[in-house]
Amino acid sequence: MKPIIINLPKYLDRRGNLSFIEEENHLPFKIKRVYWIYDVPGGEVRGGHAFKETEELIVALSGSFDVVLNDGENEYRYSLNRSYYGLLVPKMMWRMIENFSTNSLAMIIASTVYDENDYIRDFNEFKNLK
Ligand code: TYD
């Protein structure tokens, strides 16, 4: 499976816009967890790991950041800067999140509960497993 950008529904309204995600309509997995990354100091990089089983949808709810994915052979860079785009990240993708803008907010919807055993934190081990 390749990473894909999902165009989420958006209701443009002069009172403010609204978007949403429905598990059954927009996700290929059941939602087990939602977490968010915020207050990232300028220049910091998050991630630096892959998941054996976890699939995720990443949304820039506020501000912007880049998600850099590597499947062991190819690198893909996605600049997320709209709250109605979701980046669907398959399992077994090495990933970094960088270039966070001031006050950016990354929401991540995951197919698993947190389990450190699902992480691969060594890039060589990741490449070998691939
Ligand atoms: P980690 O996934 O390594 O952060 P990054 O966003 O940089 O990839 O998570 C950092 C720590 O936060 C991890 O060691 C344990 C904790 N954590 C949880 O307890 N639950 C979670 O759902 C997540 C994502 C992290």
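General remarks:
- In the range 27-49, residue nearest to Leu87 (Cα to Cα) [restricted to those that are within 13 Å of the ligand (Cβ to nearest atom) and open to solvent by 90 Å² or more (accessible area, probe 1.4 Å)]: Trp36
- Scan of the range 101-121 for residues that are assigned to a loop (DSSP other than H, G, I, E, B) and either more than 14 Å from the chain's Cα centre (by Cα) or within 11 Å of the ligand (Cβ to nearest atom) (or both), ordered by number: Ser101, Thr102, Asn103, Thr112, Val113, Tyr114, Asp115, Arg121
- Residue satisfying condition, being in a loop (DSSP other than H, G, I, E, B) and either touching a helix residue (DSSP H, G or I) at 6+ places or on another chain (Cβ under 7 Å) or within 25 Å of Lys130 (Cα to Cα) (or both), within set Ile5, Ile31: Ile31
- Any chance Ser62 is surrounded by fewer than 19 Cβ atoms within 10 Å (Cβ to Cβ), within 13 Å of the chain's Cα centre (by Cα) and within 18 Å of Ile5 (Cα to Cα): no
- Residue in the range 5-14 that is at pLDDT 95 or above, more than 16 Å from the ligand (Cβ to nearest atom) and surrounded by 16 or more Cβ atoms within 10 Å (Cβ to Cβ) present: yes
- Test for Glu24: is it farther than 17 Å from Thr112 by Cα and either modelled with pLDDT under 95 or surrounded by fewer than 13 Cβ atoms within 10 Å (Cβ to Cβ) (or both): no
- When the criteria are applied in full, Lys130 fails the requirement of being under 12 Å from the mean Cα position of the chain (by Cα), open to solvent by 70 Å² or more (accessible area, probe 1.4 Å), more than 14 Å from the ligand (Cβ to nearest atom) and farther than 24 Å from Gly42 by Cα.
- Within the range 74-100, being open to solvent by 70 Å² or more (accessible area, probe 1.4 Å), in contact (Cβ under 8 Å) with a residue 40 or more places away in the chain and either more than 16 Å from the ligand (Cβ to nearest atom) or in contact with a helix residue (DSSP H, G or I) (Cβ under 8 Å, 6 or more places away or on another chain) (or both) holds for one residue alone: Tyr85.
The values are calculated or read from the model by the stated rules, or taken from the named source; none is laboratory data. None of the values given here were measured: they were computed from a predicted structure. Quick reminder, even Gly has a Cβ in these numbers, built from the backbone with ideal geometry, and neighbours come from all protein chains shown. In case anyone asks, the SASA skips ligands and DNA or RNA and just uses the protein heavy atoms, side chains included. Shrake-Rupley method; radii C 1.70, N 1.55, O 1.52, S 1.80 Å.
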